[in-house]
Every structure is written in C-alpha cells, then in structure tokens.
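A.B. asks: Can you read through this structure? Questions will come right after.
The values are calculated or read from the model by the stated rules, or taken from the named source; none is laboratory data. All values derive from a computational prediction rather than experimental measurement. When we count neighbours, we look across all protein chains shown, and the Cβ atoms used for this are built from the backbone with ideal geometry, even at glycine. Please note that ligands, DNA and RNA were not included when accessible areas were found on the heavy atoms of the full protein model with its side chains. Shrake-Rupley method; radii C 1.70, N 1.55, O 1.52, S 1.80 Å.
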Amino acid sequence: QAMKYGLVCISELLRDKNPDLAFKTMTRAQFLKKDKDSSIQELSRRISHNLTVTIETIKHCKEVGIKHYRLSCKLFPLITDPTLKLQVDLLPSWSILEQKLIEIGRVARELNISLSIHPDQFVVIASDSDDVCAKSITELNFHAWLLDVMRIPQDYTCPMNIHPSLSNFSSPEAFMNKLVINFFRCDVGVRNRLVFENEDKGFWTAQNLYEYFHLYVKKNYNFYFPLTFDNLHDDANPSLDSSGQRVSFEKLFMKFYQTWPVPPVFHWSEAEAGTKRNHAKSLTTHPPDMGLDITWEMEIKGKDKAFIHLIKRI
C-alpha cells in the first residue's frame with residue numbers, strides 16, 4: 001500500500017467513546033498556585049495520563065486502519081519552561097513515566113504504526129533572537145530525548161518537523177548559515193530526525209524552501225534537510241517561477257519527495273470556507289495517489305472522524 005493516512009495528535013472517535021481519553025495540560029499560573037511539591041505531584045499525574053491517552057490512541061489507530069500517528073508535542077506540559085527549572089527524570093513518578101514512554105514505542109512497533117512529532121510554532125533555530133534560538137534547541141533536544149526513551153530509531157522514519165520561521169532576516173543566506181550553526185548545536189537525536197515544511201506566508205514558499213534547505217545547504221555544507229510538503233500552505237503562499245507562473249503541485253511534490261531517504265511524511269488539508277489558512281473541519285478532496293510510498297498527515301479539525309472513510313478507498 002503506497003499511500004498512508006496519518007492522524008494528528010487527537011482522535012475524535014476515541015474521545016466520543018471515552019471522554020476521559022483527552023490530553024491534560026497545566027499552565028504556569030496553575031503550577032505556581034500551590035506549593036512546589038504538590039504542583040509537581042499533580043503535573044506528574046497529568047503527564048502519566050497523557051502517556052496513557054497516547055498508548056490508547058495508537059491502539060485505536062490500528063483498530064480503524066490508520067497507519068501513522070503524529071505524537072502530541074504537549075505530553076509534558078511546563079517541563080521545558082526555563083523559569084520553573086523542572087527536570088523530567090527527577091519527577092517523583094519518573095520510573096512509571098519512563099515505562100509508559102517505552103510502552104508507546106513498543107505498541108507502535110508491534111502494531112506497525114509509524115510516528116512523527118511537530119514541536120511548537122515558537123521553535124525557530126535561526127531566530128534573530130539568541131534567546132529564542134537557545135529555547136528552541138532545548139525544546140528540540142527534549143523531544144528527541146523522549147523519542148530516544150521510547151526506543152524510536154534516530155532517523156527520518158520518525159521525523160521531527162518544524163517551520164523555518166517568519167522572522168525578519170537580512171538575507172536567506174545569512175539565515176541559513178545561522179540555522180546550520182544552530183542545527184549542529186542540537187543533539188544527534190535531533191539532527192538525525194529534523195525536517196522542515198513550507199510556510200503559509202512569508203519568504204518560505206515551497207520553492208524557496210527547496211532552493212535553500214536543499215540546494216544551498218547541499219552546495220555549501222554537503223548535506224541537506226528532508227522537506228515536508230504542505231498543500232494548504234502551498235495554496236496560501238504559492239511558489240512562482242521566474243516568469244511569474246505558479247509552480248505546479250506535481251513539480252513541487254516530486255522535488256520534496258526526492259529529498260527524503262525514506263518514504264516521506266507530508267501534510268494534507270483544506271482551507272475553511274472564506275479563509276486561506278484555517279484548517280477545515282472536514283475534507284472535500286483527498287490527497288492524490290501519486291503511486292509512491294508516502295504518508296499524508298491529515299491536518300483537519302475533525303481529525304479521524306472527518307477522514308476515516310477515505311481509508312476504505314485505498
């Protein structure tokens with residue numbers, strides 16, 4: 001089967017069956033309301049709950065025929081907040097949490113569900129703010145470490161996908177040079193998994209992403225990044241060729257596809273009526289079958305409820 005559909009973070013079908021299977025979060029204000037010990041206990045309980053929800057969601061994917069799952073990047077609220085100085089492996093229930101993380105990896109392997117993760121929007125490793133860069137590296141290292149604890153291979157079969165940036169920069173070359181320097185400051189678990197997607201506005205159209213993250217880095221640094229094609233972002237922020245014509249979906253798809261050493265993970269969505277960038281609740285079209293091994297993560301608000309019928313068509 002060449003084409004796979006991927007569920008992004010939350011299963012609406014599972015939540016309908018059991019409303020308790022919803023992720024829990026915790027804000028800084030909530031954490032600081034009580035004494036540190038009881039807040040840490042509560043945070044540990046919430047994290048433990050989130051890991052259980054993740055295991056159940058992966059099992060659910062198998063039951064309904066979904067073959068890929070994007071892990072939530074919010075499983076561990078507050079852990080990377082520099083002001084709270086929390087250490088995940090010093091949490092009181094760390095041994096239980098560690099076992100659950102190992103279980104996530106084991107269940108995914110046994111059920112043949114591939115995984116990915118998409119750290120938050122604020123992760124920008126070539127930001128013009130050094131503070132943002134440092135926080136971004138910490139965040140990426142933390143997610144890579146979690147994947148390592150899950151015993152997930154350090155390769156692109158479990159990509160860590162981020163946006164390049166919407167920040168201002170003097171030139172794309174200066175931006176790329178800074179990005180490469182900070183990339184090499186990341187742990188090896190990040191470097192072996194990190195991929196970038198085209199933006200829905202600004203400089204990083206699919207074409208520009210390809211020119212710099214593939215061609216420029218390859219020429220100047222002798223490696224390159226796999227690139228995640230996002231069809232909705234390409235519609236909102238189209239690539240134009242030198243004569244001002246829009247570069248076709250097929251052309252960009254193939255360029256991005258060839259940057260991956262393994263079957264790629266791309267994003268599919270539609271815009272909500274009357275908007276350019278908001279994800280629709282459901283789909284009127286499904287990804288084209290290009291006859292190639294590929295995973296499409298379905299970025300729609302209705303989650304599996306909205307696309308489960310598509311699986312029957314493949």
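A.B. asks: (1) open to solvent by less than 30 Å² (accessible area, probe 1.4 Å); (2) of a type outside the set (Ser, Thr, Tyr); (3) within 26 Å of Pro77 (Cβ to Cβ); (4) more than 16 Å from the chain's Cα centre (by Cα): which one isn't true of Met176, the others all being true?
C.D. replies: Going through (1) open to solvent by less than 30 Å² (accessible area, probe 1.4 Å); (2) of a type outside the set (Ser, Thr, Tyr); (3) within 26 Å of Pro77 (Cβ to Cβ); (4) more than 16 Å from the chain's Cα centre (by Cα) one by one, Met176 breaks only (3).
A.B. asks: Inspect all residues belonging to the range 285-294 and state whether any of them is in a loop (DSSP other than H, G, I, E, B), exposed (fewer than 15 other Cβ atoms within 10 Å of the Cβ) and touching a strand residue (DSSP E or B) at 6+ places or on another chain (Cβ under 6 Å).
C.D. replies: Within the range 285-294 (the criterion being in a loop (DSSP other than H, G, I, E, B), exposed (fewer than 15 other Cβ atoms within 10 Å of the Cβ) and touching a strand residue (DSSP E or B) at 6+ places or on another chain (Cβ under 6 Å)), the answer is yes, since at least one residue qualifies.
A.B. asks: For the range 118-145, name all the residues that are surrounded by 23 or more Cβ atoms within 10 Å (Cβ to Cβ) and under 13 Å from Arg193 (Cα atoms).
C.D. replies: Within the range 118-145, His118, Leu140, His143, Ala144 qualify.
A.B. asks: Filter the range 234-268 down to residues that are acidic (Asp, Glu) and touching a strand residue (DSSP E or B) at 6+ places or on another chain (Cβ under 6 Å), then give me how many there are.
C.D. replies: Result for the range 234-268: 0.
A.B. asks: What are the residues in the range 295-310 that are surrounded by 15 or more Cβ atoms within 10 Å (Cβ to Cβ) and either of a type in the set (A, V, I, L, M, F, W, C) or in a helix (DSSP H, G or I) (or both), if any?
C.D. replies: Of everything in the range 295-310, those that are surrounded by 15 or more Cβ atoms within 10 Å (Cβ to Cβ) and either of a type in the set (A, V, I, L, M, F, W, C) or in a helix (DSSP H, G or I) (or both) turn out to be Trp296, Met298, Ile300, Lys303, Asp304, Lys305, Ala306, Phe307, Ile308, Leu310.
A.B. asks: Would a scan of the range 214-223 turn up a residue that is of a type outside the set (Phe, Trp, Tyr), in contact with a strand residue (DSSP E or B) (Cβ under 6 Å, 6 or more places away or on another chain) and either closer than 23 Å to His267 by Cα or assigned to a loop (DSSP other than H, G, I, E, B) (or both)?
C.D. replies: Within the range 214-223, none of the residues are of a type outside the set (Phe, Trp, Tyr), in contact with a strand residue (DSSP E or B) (Cβ under 6 Å, 6 or more places away or on another chain) and either closer than 23 Å to His267 by Cα or assigned to a loop (DSSP other than H, G, I, E, B) (or both).
A.B. asks: If you don't mind, another one. Return the residue satisfying two criteria in turn: it lies in the range 41-55 and is touching a Phe, Trp or Tyr at 6+ places or on another chain (Cβ under 8 Å) and among the β-branched types (Val, Ile, Thr), and of such residues it is surrounded by the fewest Cβ atoms within 10 Å (Cβ to Cβ).
C.D. replies: Result: Val53.
A.B. asks: Could I ask something else about it? When only residues in the range 9-40 that are farther than 22 Å from Ile66 by Cα, in contact with a helix residue (DSSP H, G or I) (Cβ under 9 Å, 6 or more places away or on another chain) and β-branched (Val, Ile, Thr) count, which is surrounded by the most Cβ atoms within 10 Å (Cβ to Cβ)?
C.D. replies: Out of the qualifying residues, it is Ile40.
A.B. asks: Ala306 versus (1) touching a Gly at 6+ places or on another chain (Cβ under 9 Å); (2) within 18 Å of Arg15 (Cβ to Cβ): which is the lone unmet condition?
C.D. replies: (1)
A.B. asks: Is it the case that some residue within the range 68-75 is open to solvent by 40 Å² or more (accessible area, probe 1.4 Å) and either assigned to a helix (DSSP H, G or I) or of a type in the set (Lys, Arg) (or both)?
C.D. replies: yes
A.B. asks: A further question on this structure: Can you pull out the residues in the range 87-117 that are modelled with pLDDT under 95, open to solvent by less than 60 Å² (accessible area, probe 1.4 Å) and not small (Gly, Ala, Ser)?
C.D. replies: If the condition is that a residue be modelled with pLDDT under 95, open to solvent by less than 60 Å² (accessible area, probe 1.4 Å) and not small (Gly, Ala, Ser), then Val88, Leu91 are the ones that fit.
Each row is one residue, and each column tells you yes or no for (1) closer than 26 Å to Met298 by Cα; (2) assigned to a helix (DSSP H, G or I).
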| residue | (1), (2) |
| --- | --- |
| Ala22 | yes, no |
| Ile47 | yes, yes |
| Glu56 | yes, yes |
| Lys62 | yes, yes |
| Leu78 | no, no |
| Ile96 | no, yes |
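A.B. asks: Of all residues in the range 238-260 being among the polar types (S, T, N, Q) and under 20 Å from the mean Cα position of the chain (by Cα), which is most open to solvent (accessible area, probe 1.4 Å)?
C.D. replies: Gln258
A.B. asks: Okay, moving on. Can we say Glu42 is under 18 Å from Met150 (Cβ atoms) and among the acidic types (Asp, Glu)?
C.D. replies: No: the conditions fail for Glu42.
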